[in-house]
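Below is one structure, written out as structure tokens; the observations come after it.
The values are calculated or read from the model by the stated rules, or taken from the named source; none is laboratory data. A quick note: this is a predicted structure, and the numbers were derived from the prediction, not measured. Here Cβ is always computed from backbone atoms with ideal geometry, including for glycine, and neighbour counts include all displayed protein chains. Side chains are part of the model used for accessible areas, which takes the heavy atoms of the whole protein and leaves out ligands, DNA and RNA. Shrake-Rupley method; radii C 1.70, N 1.55, O 1.52, S 1.80 Å.
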Amino acid sequence: MEGGAYGAGKAGGAFDPHTLVRQPHTILRVVSWVFSIVVFGSIVNEGYLNTPSEGKEFCIYNRNPNACSYGVAVGVFAFLTCLLYLALDVYFPQISSVKDRKKAVLSDIGVSAFWAFLWFVGFCYLANQWQVSKPKDNPLNEGTDAARAAIAFSFFSIFTWSLTAALAVRRFKDLTFQEEYSTLFPDSALP
């Protein structure tokens, strides 16, 4: 696929799934998508406990329901955001307007940086609540592996979303040059 404005081929080009799957930002999005599934799946499946003496469920993270709710919410919304931007990656080659392509890349930068921040907050919050959890609340250590997995994959998600933002910035900088070049020299064609 030939290079074009903001990382796309020529507008209206045919969809090429092989090229899409090989792009680094697409790979990172799929990895982030899987990490979000692990985080919210771990918390939903094994993040809530109850004891025979109490009929009510409580969160494994220091009995703090906000910790479990934050982890699930961030995981679910990150999952949906990944799906949205994967759809945008598929649709991107058909966008003919340079301004619309620029908006798509800029939104990718902002959204990815925002999610990296949310995952950082989530990692710190879950790790802190796990650290101050009392052993008497979970004497059989039920769900501890799932709680640790949610913390670990929250940490990994910081890097995948940060790298996605960095790749979008690099793509924006590299391809803005092409737009400026074509504005300054409209008669010459880019190779």
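Numbers at a glance
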read-out	value
Residues located in segment 41-75, provided they are under 17 Å from the mean Cα position of the chain (by Cα) and open to solvent by 50 Å² or more (accessible area, probe 1.4 Å)	Tyr70
Residue list for segment 80-97, restricted to those being within 12 Å of Phe15 (Cα to Cα) and of a type in the set (Ser, Thr, Tyr)	Tyr91
Any hit, segment 142-160, residues being modelled with pLDDT under 90, open to solvent by less than 40 Å² (accessible area, probe 1.4 Å) and either farther than 27 Å from Ser36 by Cα or not aromatic (Phe, Trp, Tyr) (or both)	yes
Number of the exception - Ser133 against (1) in contact (Cβ under 8 Å) with a residue 12 or more places away in the chain; (2) surrounded by 16 or more Cβ atoms within 10 Å (Cβ to Cβ); (3) assigned to a helix (DSSP H, G or I)	(3)
Where a residue in segment 88-104 is β-branched (Val, Ile, Thr) and its partner, wherever it lies, is open to solvent by 40 Å² or more (accessible area, probe 1.4 Å), with Cβ under 8 Å and at least six apart	Val90/Phe15; Ile95/Ala11; Val98/Glu179
Which numbered condition Thr19 fails, given (1) of a type in the set (S, T, N, Q); (2) modelled with pLDDT under 90; (3) open to solvent by 70 Å² or more (accessible area, probe 1.4 Å)	(3)
All positions within segment 76-103 that are more than 18 Å from the chain's Cα centre (by Cα) and acidic (Asp, Glu)	Asp100
Total residues in segment 29-86, condition of a type in the set (A, V, I, L, M), part of a helix (DSSP H, G or I) and farther than 30 Å from Val105 by Cα	3
Residue satisfying condition, being small (Gly, Ala, Ser), touching a strand residue (DSSP E or B) at 6+ places or on another chain (Cβ under 7 Å) and under 28 Å from Val30 (Cα atoms), within set Ala67, Ala78	Ala67
